[in-house]
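A.B. asks: Got a structure here, written out as structure tokens. Questions coming.
The values are calculated or read from the model by the stated rules, or taken from the named source; none is laboratory data. It should be emphasised that the depicted structure is a prediction, and the values quoted were computed from it without experimental measurement. Reconstructed Cβ throughout: ideal geometry from the backbone, glycine too, with neighbour counts over all protein chains shown.
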Amino acid sequence: MHIQQQKSICFKRPLGIVLGLALLLIASPVLGQGDCVEVELEEIGQMDLPVILNGIGTLQAMQEVTVKSEIGASVQKVHFRDGQRVEEGDLLVSLDAAKLQKQLQARKAGLREAEARMKNAQRTYKRQQSLYDRELGSEEARDEALTAYTAAQAQVERFESEIGEIKEDLQDTRIRAPFGGILGESMVESGDVVQAGTPLVPLTRNDELEVAFTVSEKHVSQVRRGQKVSLSLPGYPERTFHGEISFLNPVIAQGTRSLRIKATVENNKGRLLPGGFASVRLIVDHRENATVIPEEALIPTREGYMVFTVQNGTAHARVVRIGLRKPGVVEIREGLEPGTTVITTGHISVQDGDRICGQNKASEL
């Protein structure tokens with residue numbers, strides 16, 4: 001029984017070998033195709049890269065004030081509409097000036113009377129001085145005349161001062177725009193009684209705006225007045241606005257170790273509104289002929305970053321040090337040279353030393 005089984009096994013083995021070889025021959029083309037990893041490749045290029053500082057700022061009006069009354073009176077007329085654009089000197093509010101006009105007339109009448117008394121006192125003093133010089137009058141009479149003349153002069157000056165104050169108050173009944181801009185909502189109506197300091201209407205100059213933002217202390221040497229900035233605003237996602245740095249704080253904030261900066265932004269068409277949020281981009285330098293790779297070629301590691309290069313159809317892992325980044329592009333500071341081919345897609349399945357089946361992708365760098 002044992003001998004028969006042994007013969008049977010010897011008979012079947014050659015058939016199994018033949019079948020296995022046949023299957024191997026049939027599958028060999030497939031195995032040959034699967035012997036390398038399919039990836040996409042791209043040759044490393046060079047390009048000029050801007051060095052950009054990003055900040056977040058708030059738009060501010062160049063001038064903003066709440067126009068107030070400087071005297072107490074009733075509002076005679078409001079000469080503007082809410083939201084109206086005005087120029088410097090435009091009349092905004094008229095206050096009732098009738099009481100001041102009456103006071104002015106009374107002070108002018110008092111001044112004329114005081115001037116008449118002063119002239120009469122002056123003549124009396126001159127006469128007494130002449131008599132005293134000729135030793136025909138007493139010193140006491142001369143001094144009394146001088147005192148009366150001095151008092152009359154003082155009364156004239158007091159009336160002149162009061163008249164001047166009343167005239168200023170009369171001017172203050174005509175409240176005008178201190179500068180050109182856009183008016184807000186009126187805070188008074190005709191007939192209202194206002195006091196000195198009562199708010200009347202806010203006024204904002206918005207033909208130019210400022211945007212305030214900060215940069216880190218380490219970038220202080222790269223920032224200067226006159227540099228251009230670009231702004232992105234949520235309300236205008238498809239537009240970019242431009243400005244120029246007009247102010248650098250002379251002191252670095254100790255709490256944040258940052259420098260406060262202001263840039264002036266043109267707003268001739270009034271699209272931008274004070275108080276709005278803005279993303280600020282400031283180009284402080286350019287790196288010429290920087291070595292760059294597509295962003296998708298970069299592989300993060302615990303120690304930093306790496307890429308897979310391809311040479312003679314074989315993948316090689318290379319540790320790299322990166323620099324600037326912009327959408328879709330990463331600068332390589334160390335580890336790669338221009339002209340090297342890197343794997344951009346499919347490197348998740350690649351290991352160092354793998355054979356690579358790839359095709360070059362049209363470079364967008």
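A.B. asks: Which residues, taken from segment 144-159, are surrounded by 14 or more Cβ atoms within 10 Å (Cβ to Cβ) and charged (D, E, K, R)?
C.D. replies: Within segment 144-159, Glu144, Arg158 qualify.
A.B. asks: Something else about it: Limited to segment 42-94, what total is found for residues that are within 30 Å of Glu217 (Cβ to Cβ) and in contact with a helix residue (DSSP H, G or I) (Cβ under 8 Å, 6 or more places away or on another chain)?
C.D. replies: Selection size over segment 42-94: 2.
A.B. asks: What are the residues in segment 74-133 that are farther than 30 Å from Asp192 by Cα, of a type in the set (Asp, Glu) and surrounded by 15 or more Cβ atoms within 10 Å (Cβ to Cβ), if any?
C.D. replies: Glu115
A.B. asks: So, in segment 321-346, of the ones that are assigned to a strand (DSSP E or B) and among the acidic types (Asp, Glu), which residue ends up farthest from the chain's Cα centre (by Cα)?
C.D. replies: Glu334
A.B. asks: Something else: What are the residues in segment 297-350 that are in contact with a helix residue (DSSP H, G or I) (Cβ under 8 Å, 6 or more places away or on another chain), under 16 Å from Gln46 (Cα atoms), hydrophobic (A, V, I, L, M, F, W, C) and surrounded by fewer than 19 Cβ atoms within 10 Å (Cβ to Cβ), if any?
C.D. replies: Answer for segment 297-350, where residues must be in contact with a helix residue (DSSP H, G or I) (Cβ under 8 Å, 6 or more places away or on another chain), under 16 Å from Gln46 (Cα atoms), hydrophobic (A, V, I, L, M, F, W, C) and surrounded by fewer than 19 Cβ atoms within 10 Å (Cβ to Cβ): just Val329.
A.B. asks: Restricting to strands (runs of 3 or more DSSP E) lying wholly in segment 1-111: which have 2 or more residues that are modelled with pLDDT of 85 or more, under 30 Å from Gly276 (Cβ atoms) and small (Gly, Ala, Ser)?
C.D. replies: So the answer is 45-68.
A.B. asks: Of the conditions (1) touching a residue at least 24 places away in the same chain (Cβ under 8 Å); (2) more than 30 Å from the chain's Cα centre (by Cα); (3) part of a loop (DSSP other than H, G, I, E, B), Arg302 clears all except one; give me its number.
C.D. replies: So the condition that Arg302 fails would be (1).
A.B. asks: Go through (1) over 30 Å from Glu337 (Cα atoms); (2) without any contact (Cβ under 8 Å) to a residue 24 or more places away in the chain; (3) among the aliphatic types (A, V, I, L, M) for Val319 and report which single condition fails.
C.D. replies: All conditions are met except number (1).
A.B. asks: Got at least one residue in segment 182-191 being loosely packed, with under 13 Cβ neighbours inside 10 Å, over 30 Å from Pro50 (Cβ atoms) and among the polar types (S, T, N, Q)?
C.D. replies: Yes, some residue in segment 182-191 is loosely packed, with under 13 Cβ neighbours inside 10 Å, over 30 Å from Pro50 (Cβ atoms) and among the polar types (S, T, N, Q).
The rows are residues; the columns are (1) part of a helix (DSSP H, G or I); (2) free of Cβ contacts under 8 Å to residues at least 12 places away in the same chain; (3) more than 30 Å from Gly89 (Cα to Cα).
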site: Gln155; (1), (2), (3): yes, no, yes
site: Glu162; (1), (2), (3): yes, no, no
site: Glu168; (1), (2), (3): yes, yes, no
site: Ile175; (1), (2), (3): no, no, no
site: Pro178; (1), (2), (3): no, no, no
site: Ile182; (1), (2), (3): no, no, no
site: Glu189; (1), (2), (3): no, no, no
